[in-house]
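Participant: Questions regarding the structure given below will be posed in turn.
The values are calculated or read from the model by the stated rules, or taken from the named source; none is laboratory data. Quantities reported herein were computed from a predicted structural model and do not represent experimental measurements. Virtual Cβ from ideal backbone geometry, glycine too; neighbours counted across all protein chains shown. For accessibility, only protein heavy atoms count, side chains too; no ligands or nucleic acids. Shrake-Rupley method; radii C 1.70, N 1.55, O 1.52, S 1.80 Å.
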Amino acid sequence: MTSVDARQALDRVAASEILRDAENLRHLVLYLGEASLNGRADQLKEYTIGVEVLGRPAHYDPRVDSSARMLAARLRRKLEDYYRGEGSADTVRIGFPKGGYKLTFEEAAGAPASAPPGHSAGDAAKWRLIAVVCAAAFLAVAAYAVALKVRNAPAAASAVELTPEVEALWQPLLDGRTPVIVSFGSPLFVSVGGWNVRQSDLNDWSQVEGYPHLKDLQFAVGAPGVKPSYDYAGIGDVHGAFLVGRLLGARTSQLTLKRGSVLSWEDIQDNNLIFIGNGKNQEKLRYLLDHLEFTLGRTGVCCHKPGPGEPVDYLNGPRSSTGTTFEYGLLSFLPGSRKGRHMILLSANDTGAIWGMAEAVTNPRYAEPLVNRLRRGGAMPKAYQAVIRIGLNGGVPVALDYVVHHELPATRTALQ
């Protein structure tokens, strides 16, 4: 095995589907790979990873901020998942032993070589198989959604109760005079020859023509053209909209549900707004989140103005022995662009975590401790952001915990 083989293995992992939305992990595997191939990996420390990979300042203290250690643990698990799935046929496999930051490169005995690129009959058969699997996946998701609502919603029946704490979260939107819009994400799908295909990093129709795999897909299914489709939404986004709509529907006669793809800036100016989703699926939400102290990153929540002892990044956690994963979400309450208008943003990356964010503000079980932290013994802040840690098992939110919040200037509007 040559160094060229090892670097090709690194490139395959970095370009894999499993790391497509994990920029920090891609950066880490390439950084550690080069250090390992150049004989420098034995000198790497947690501090070095934090500064050179995560961009921490020189005074960064790994004893306080464990993000580098957590990122390395996630990479180990992702490598294992990769070689169990899409990388199972790779001829060179990358290992990441515990106890250090050195990657290993080993030839996989009997693994077949990668097929050369091109429009062969085998390629077309592969794409048709993928299309069939996608169709089966859509049917499975639909069946799962029905079962989920019946069996797994955590204390959802009690979420309609307007306790003092739930009312404190929603009071500014319940004046009865201002219309309320609930906006949820509807991600972009590419409709090709009757199949709707979703690519997680493709969220703008203007990017479709230049997407490298589009021609392959068109050839495989025999479709001359493509068109956008916004007919699907994540289970958590829809369930979150249901929880919020159920709570507010009995308390305002002017409640509207809108897909994020059709929401206009006039809607934002003239109404109270509740955003449910993430910036990938809602352009307006992405714009709003990008201007705040906490923003939603690919691997968690980023803090641009950390207080004393607060980390810069709140990184999503790896799967535990019980099968539970942890995601960080954001609750943002902002004044609208016009006097008397307000905006609530419930955002997270994972669709199950988005569901969890809706539970945090509609379910009295979670609203009470959240409001107690936000009040700090006084009145509710006029504008704020709160980070919520969501435990997920099987895509279902099973635990919610307040982490931290920042009060924002009350004079700042959502569009500033």
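Participant: Could you give me the ³J(HN,Hα) list for segment 93-101, computed from phi with Karplus coefficients 6.51, -1.76, 1.60 and θ = phi - 60°, whole Hz, x at Gly and Pro?
Facilitator: 10, 9, x, 9, x, 5, x, x, 10
Participant: Taking amide H positions as placed 1.01 Å from N in the peptide plane, with prolines and chain starts having none, which residues 5 or more places from residue 103, or on another chain, fall under 5 Å of its amide H?
Facilitator: Result for residue 103 returns 36.
Participant: Tell me the accessible surface of residue 11 in square angstrom (1.4 angstrom probe, heavy atoms of protein chains only), to the nearest ten.
Facilitator: About 90 Å², ignoring ligands and nucleic acids.
Participant: Please give me the summed charge of the neighbours of residue 190: other residues whose Cβ is under 9 Å from its Cβ, Lys and Arg +1, Asp and Glu -1.
Facilitator: Numbers: positive: 198, 227; negative: none.
Here the count lands on +2.
Participant: Within the set 258/339; 305/382; 98/305; 258/305; 78/227; 102/305, which residue pairs have Cα atoms separated by over 28 Å?
Facilitator: Over 28 Å Cα-Cα: 98/305; 258/305; 78/227; 102/305.
Participant: Give me a comma-separated list of calculated 3J(HN,Hα) values for segment 24-36, in order, Karplus coefficients 6.51, -1.76, 1.60 applied at θ = phi - 60°, integers in Hz, x for any Gly or Pro.
Facilitator: In residue order, the calculated couplings are 5, 5, 4, 4, 5, 5, 5, 5, 5, x, 5, 4, 5 Hz.
Participant: Less than 12 Å Cβ to Cβ from residue 78, Lys/Arg counted +1 and Asp/Glu -1: what total charge do the surrounding residues give?
Facilitator: +2
Participant: Residues with beta-carbon under 14 Å from that of residue 177, excluding residue 177: net charge, scoring Lys, Arg +1 and Asp, Glu -1?
Facilitator: Its environment carries a net charge of +2.
Participant: Segment 18-54 to segment 289-319: how many Å between their Cα centroids?
Facilitator: 20 Å
Participant: Whose amide H sits under 5 Å from the amide H of residue 398, counting only residues 5 or more places off or on another chain, with H placed in the peptide plane?
Facilitator: Hits under the 5 Å cutoff: 391, 392, 393.
Participant: Please list, in order along segment 292-298, the HN-Hα scalar couplings obtained from phi with the Karplus expression 6.51 cos²θ - 1.76 cosθ + 1.60 (θ = phi - 60°), rounded to whole Hz, x for Gly and Pro.
Facilitator: 10, 5, 9, 10, 8, x, 5
Participant: Using amide H atoms built in the peptide plane, which far-off residues or other-chain residues are under 5 Å from residue 341 H to H?
Facilitator: 336
Participant: Taking the Cα centre as origin and putting +1 on Lys and Arg beta-carbons and -1 on Asp and Glu beta-carbons, what dipole magnitude results for segment 337-408, to the nearest 20 debye?
Facilitator: 460 debye
Participant: Please give the Cα centre distance for segment 320-362 versus segment 228-280, rounded to the nearest Å.
Facilitator: With segment 320-362 and segment 228-280 each reduced to a Cα centre, they are spaced 13 Å.
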